[in-house]
1. Would you mind estimating how fast the range 116-185 diffuses translationally, via Stokes-Einstein at 37 °C and 0.692 mPa s with the Kirkwood radius over Cα pairs, in µm²/s?
2. Kindly rank 379-387, 483-491 from highest to lowest mean number of other beta carbons found within 10 Å of each residue.
3. What share of Cα pairs, in percent, lie more than 13 angstrom apart in the range 370-413?
4. Using the Kyte-Doolittle scale, which helices in the chain average at least -1.0 and also have C-alpha atoms spread 18 Å or more along the helix axis, with helices defined as whole DSSP H runs?
5. How would you order 82-95, 260-273 from highest to lowest mean count of nearby Cβ atoms within 10 Å?
6. With a 1.4 Å probe and all protein chains left in place, how much accessible area per residue does the chain have, in Å²?
7. Debye sum, Cα scatterers, the chain, no solvent: what log₁₀ I/I(0) at q = 0.10 1/Å?
8. Going highest first, how would you order 470-478, 157-165 by mean Cβ packing within 10 Å?
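The values are calculated or read from the model by the stated rules, or taken from the named source; none is laboratory data. Fair warning: this is a prediction, and the values are worked out from it, not measured in the lab. Glycine gets a Cβ as well: all are built from the backbone with ideal geometry, and neighbour counts include every protein chain shown. Side chains are part of the model used for accessible areas, which takes the heavy atoms of the whole protein and leaves out ligands, DNA and RNA. Shrake-Rupley method; radii C 1.70, N 1.55, O 1.52, S 1.80 Å.
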Amino acid sequence: MKKTLLLSLVFGLGASLSVAEPQKPNVIVIMADDLGYGDLSCYGTKSFETPYIDQLANEGVRFTSGYCSASTCTPTRWSFLTGTYAFREKNTGIAAPSSPFRVNHETTCIADMFKTAGYSTAVIGKWHLGLGGEEGPDWNGELKPGPLEIGFDTCFLLPTTNDRVPQVYVKDHRVLNLDPSDPLWVGSKAPSPEHPTGINQRETLKMDWTHGHNATIHNGISRIGFYTGGHKARFRDEDLADKWVEQSVEFIDENKDGPFFLFFASHDLHVPRIPHERFQGATDLGYRADAIVQLDWCVGELMKALDDRGIAENTMIVFCSDNGPVMDDGYADEALEKLGDHKAGGGFTGGKYSVYEGGTRTPFITRWKGAIEPGVSDEVVCTIDLYASLASLTGTALEDDAARDSMDVMGALLGKAGAKGRNELVQQDNGARGNFGFRQGDWKLQVHAQGKARNVVVEKLLETTAVAKIQLFNLAEDPVEKNDLAESNVKKAEEMKARLDKIIADGRSR
Ligand code: NG6
Ligand code: CA
């Protein structure tokens with residue numbers, strides 16, 4: 001079906017059809033990495049300030065029930081791009097450095113949809129969805145399939161996460177600035193016993209590791225995985241945010257006559273948290289919060305770029321995160337020691353890797369000057385819904401077999417009075433363990449197929465908590481999911497479990 005989409009249907013001819021006229025603003029989706037519900041001043045922290053994102057919220061809609069689909073990166077990004085729950089497909093969990101491209105490129109993705117609508121499209125920043133065919137990435141050759149095969153005209157990427165090798169940029173189908181006489185090799189075993197790693201040269205590290213992350217050293221930081229070569233192509237961790245902004249402003253400039261779709265995939269505040277020198281010490285909380293301030297600066301730069309070109313009123317910005325917060329995710333960066341009374345999860349229980357609210361309920365802001373009435377919304381919206389919602393806005397038909405779980409919540413995203421968000425949402429962790437959160441109105445069902453939950457207490461990441469396999473909470477009365485009602489309200493728990501099972505079995509919910 002791919003590439004055979006019907007062109008946008010404009011219903012102006014049939015006067016009796018009261019479908020809104022399609023609108024084609026530029027769209028920028030800014031996705032933060034590991035940013036928790038409480039990690040911004042507009043979401044309540046008093047420990048540091050995020051003035052630019054606060055401005056975005058003041059000029060737009062700030063959601064109190066905005067979600068990402070999963071509590072780790074790869075499945076959230078997979079769902080955002082495909083509009084389908086990641087648990088429906090294998091190999092959608094956290095991608096390894098040499099992972100093949102995880103999206104079936106025959107699938108019509110959100111960027112394909114924008115192409116059909118006549119947009120220029122780009123993804124800039126962290127990718128972490130694999131590159132290349134079944135053999136994995138051909139680092140010295142063409143990195144294909146990848147973003148360009150799912151509708152992006154151009155990409156400028158960090159291929160995985162920066163705690164995974166290699167530290168090189170990928171531009172379109174190639175590693176940027178790769179010298180053929182110094183080929184890049186990436187592997188999962190040390191190429192020689194002398195190869196410098198976080199174990200045999202630990203004393204040389206500028207930031208120590210705490211768990212995992214003890215393989216190849218680059219820029220004084222040891223990583224997950226091994227690599228050699230490609231020295232001219234390597235970047236400094238400190239420069240990533242500047243690079244994303246530089247590349248984005250270039251893309252905006254080239255496409256200012258629009259319409260364009262930019263997926264700005266920040267690496268902040270994923271580990272290793274190494275903000276630029278000018279942001280180091282910006283807060284009293286260490287590099288984790290300094291990286292949030294850096295992220296805030298990036299948002300400010302994007303807003304300025306729009307203002308300077310006079311296109312802010314013709315550009316919808318969506319700000320979101322890929323999963324909830326984590327403190328020690330493998331490096332000794334003092335995130336925990338310097339935390340003070342900052343609540344990264346905004347008081348919700350759990351964080352990254354968990355299906356408690358803290359894992360997926362995250363900052364979510366929409367701004368479109370002139371089109372959105374500023375305010376705060378309690379409607380339930382999710383990153384997975386951007387596909388169907390933006391298709392609806394632009395008047396682009398959805399293929400029946402695409403975006404299988406994406407809901408058109410455009411009215412809610414625009415803050416329209418009376419417009420509804422979702423009435424139910426499935427939340428997942430990294431997948432494969434049979435853990436789900438399922439929200440229906442104020443009710444939240446939790447399923448832990450093995451009776452074990454991870455990162456329930458964000459400060460104690462490595463502890464696993466024994467939990468009942470089925471738990472039921474009322475979020476209106478008990479937002480912190482402490483008071484399990486599964487036994488006192490058996491009927492509700494059974495109904496919700498049956499509904500969740502059906503959504504899973506049906507293969508789609510749209
Ligand atoms: C985990 C890593 C963690 C982080 C995560 C992916 C270890 C011990 N932990 O396996 O540091 O990289 O994967 O994070 O290696 S995510 O935000 O991209 O999903
Ligand atoms: Ca993440």
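1. On the way: Rh = 12.6 Å.
The diffusion coefficient I find is 262 µm²/s.
2. Descending packing order for the listed peptides: 379-387, 483-491.
3. Result for the distance tail: 55 percent.
4. 240-254, 287-308, 490-506
5. Numbers: 82-95: 22.0, 260-273: 25.9.
Ranking, from highest mean packing down: 260-273, 82-95.
6. Values: 19280 Å² over 510 residues.
For the chain, the per-residue accessible area is 38 Å².
7. So the normalised log intensities work out to -0.74.
8. Details: 470-478: 17.3, 157-165: 25.2.
With the highest mean Cβ count within 10 Å placed first, the list reads 157-165, 470-478.
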